[in-house]
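Below: the structure, in structure tokens.
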Amino acid sequence: MGNNSDIPHPQWNCELVIVLGEPQIEGNIGAVARCLRNFGLHELRILRHDGNFSDETRNRAKHAQSVLDDCTIHQDWDSCFDDISLVIGTSGKRELGDKVLFRHFLLPAELGERLSDAEGKVAVVFGPEGMGLTQDELRACDLMLTIPTWEGYPILNLSHTVAIVCYEWFQTILPRVGNDRALPKTVHTERLLDPELKREIRRRAEEIAQASGKRDDQIQSTADTLSRVILRGMPTDDEAHRLLGILDAASKSMQDSE
């Protein structure tokens, strides 16, 4: 009971990468590694960690030692996400009221539904226990995700949160194990954005926000809104190139009219 079975790993169009940002409790790292293994995933990255896993971490990982062995350690945000097409930040903190300016969330089940026919690397980022991701880190993410918990006590344990996300990913994007369970493709497979195109969209959105005549305290939120609305549509590389042309023309027109 509880051992690994010698069967092929499930395969998805997307590669899901789990990223832990500066985890504070060693045991949680091991529990997260086990969650990945439970649902056929394998790529774990950790931000700002020394890379030495304690006995507690190893013990909590159980038969997911390979996830820890293959885990990559990064000391800065950019190097961690350099090859990622879509970065999804997680938070249990929600904006209240009718006007939501920043925290527009996906739910875990929606994540799988929207990515089931895309290809590329998708990272889901989890912040430190007790604090979560900072505002600046959430701004650096392309989308945000939350788990609909009771508002009276909304913040989940780190490993529990990862388990729910991995479960929904496993359930919604049906795995293909060998040829026997392969599902026929009925729609054209599209690739997620090249990471450099994603960064260029963000840069163009910031240029337009700067040229918009908004107050200084509104420029960042304007850029965030524009880039997030575009990225929420998950454009293909070809669509992104066309959008960049439009954004570039709009930015130049706005600057010339000043």
Condition met for L68 (in a helix (DSSP H, G or I), at pLDDT 95 or above and within 16 Å of the chain's Cα centre (by Cα)): no
For E15: the one exception among (1) at pLDDT 95 or above; (2) not in a loop (DSSP other than H, G, I, E, B): (1)
Which listed residue is modelled with pLDDT of 90 or more, of a type in the set (D, E, K, R) and either within 16 Å of A118 (Cα to Cα) or touching a Leu at 6+ places or on another chain (Cβ under 9 Å) (or both), from R204, R199, R176, R228: R204
Where a residue in segment 122-150 is over 16 Å from F105 (Cβ atoms) and outside the structural domain of S79 (by TED's automatic domain parsing) and its partner, wherever it lies, is at pLDDT 90 or above and outside any loop (DSSP other than H, G, I, E, B), with Cβ under 7 Å and at least six apart: none
Residue ID - nearest to E200 (Cα to Cα), chosen from residues in segment 35-68 that are in contact with a Phe, Trp or Tyr (Cβ under 9 Å, 6 or more places away or on another chain) and either surrounded by fewer than 18 Cβ atoms within 10 Å (Cβ to Cβ) or among the aliphatic types (A, V, I, L, M) (or both): L47
Failed criterion for R139 (all others in (1) buried (at least 17 other Cβ atoms within 10 Å of the Cβ); (2) at pLDDT 95 or above; (3) not polar (S, T, N, Q) hold): (2)
For D50: the one exception among (1) in contact with an Asp or Glu (Cβ under 8 Å, 6 or more places away or on another chain); (2) assigned to a loop (DSSP other than H, G, I, E, B); (3) at pLDDT below 95: (1)
Per-region count, segment 143-159, residues within 17 Å of P128 (Cβ to Cβ) and loosely packed, with under 14 Cβ neighbours inside 10 Å: 1
Residue check, R228 charged (D, E, K, R), touching a residue at least 12 places away in the same chain (Cβ under 8 Å), outside the structural domain of Q135 (by TED's automatic domain parsing) and surrounded by 15 or more Cβ atoms within 10 Å (Cβ to Cβ): yes
Residue match in segment 34-47 (condition: among the β-branched types (V, I, T) and in the same structural domain as L111 (by TED's automatic domain parsing)): yes
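The values are calculated or read from the model by the stated rules, or taken from the named source; none is laboratory data. Owing to the predicted nature of the structure, the values given are computational and were not obtained by experimental measurement. Virtual Cβ from ideal backbone geometry, glycine too; neighbours counted across all protein chains shown.
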